[in-house]
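The values are calculated or read from the model by the stated rules, or taken from the named source; none is laboratory data. Just so we're clear, the structure is a prediction, and the values are computed from it rather than from any experiment. Every residue, glycine as well, gets a Cβ built from its backbone with ideal geometry; the counts of neighbours run over all protein chains shown.
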């Protein structure tokens, strides 16, 4: 049996702010908009927001967004209001980290 991630759900107490972040700042297309549930097209995966308090663990998961050119993507996101850290680069991968309005970690990376 082969499994593939098709969706990630984040719980949030501030649906309006989180929807605005993923739609307006990160630029994901909102494909389902119902009370208490929002679903965004994030390429091969759907990012979902579910109304409810988040109980993130001591080391929460991180959402990875692919960008061929991390520096260009970082500049584009920052111009839209995102706050990202410095770009970390090696011979293999480049990435920078940020957090959404609820504090969920995400990265922009050129790792396919």
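Just the residues that are out of contact with any strand residue (DSSP E or B) (no Cβ under 6 Å at 6 or more places or on another chain), assigned to a strand (DSSP E or B) and touching a residue at least 40 places away in the same chain (Cβ under 8 Å), please, taken from segment 11-64. 51 - this is the single residue of segment 11-64 that is out of contact with any strand residue (DSSP E or B) (no Cβ under 6 Å at 6 or more places or on another chain), assigned to a strand (DSSP E or B) and touching a residue at least 40 places away in the same chain (Cβ under 8 Å).
Could you tell me whether any residue of segment 96-106 is within 22 Å of residue 10 (Cα to Cα), loosely packed, with under 13 Cβ neighbours inside 10 Å and touching a helix residue (DSSP H, G or I) at 6+ places or on another chain (Cβ under 7 Å)? Among the residues of segment 96-106, not one is within 22 Å of residue 10 (Cα to Cα), loosely packed, with under 13 Cβ neighbours inside 10 Å and touching a helix residue (DSSP H, G or I) at 6+ places or on another chain (Cβ under 7 Å), which makes the answer no. Does any residue of segment 65-75 turn out to be assigned to a loop (DSSP other than H, G, I, E, B), modelled with pLDDT under 95 and in contact with a helix residue (DSSP H, G or I) (Cβ under 6 Å, 6 or more places away or on another chain)? Within segment 65-75, one or more residues are assigned to a loop (DSSP other than H, G, I, E, B), modelled with pLDDT under 95 and in contact with a helix residue (DSSP H, G or I) (Cβ under 6 Å, 6 or more places away or on another chain).
Among the residues of segment 84-95, those that are modelled with pLDDT under 95 and under 17 Å from the mean Cα position of the chain (by Cα) comprise 94, 95.
Scanning segment 79-88 for residues that are closer than 17 Å to residue 64 by Cβ and either surrounded by 15 or more Cβ atoms within 10 Å (Cβ to Cβ) or in contact (Cβ under 8 Å) with a residue 12 or more places away in the chain (or both) yields a count of 4.
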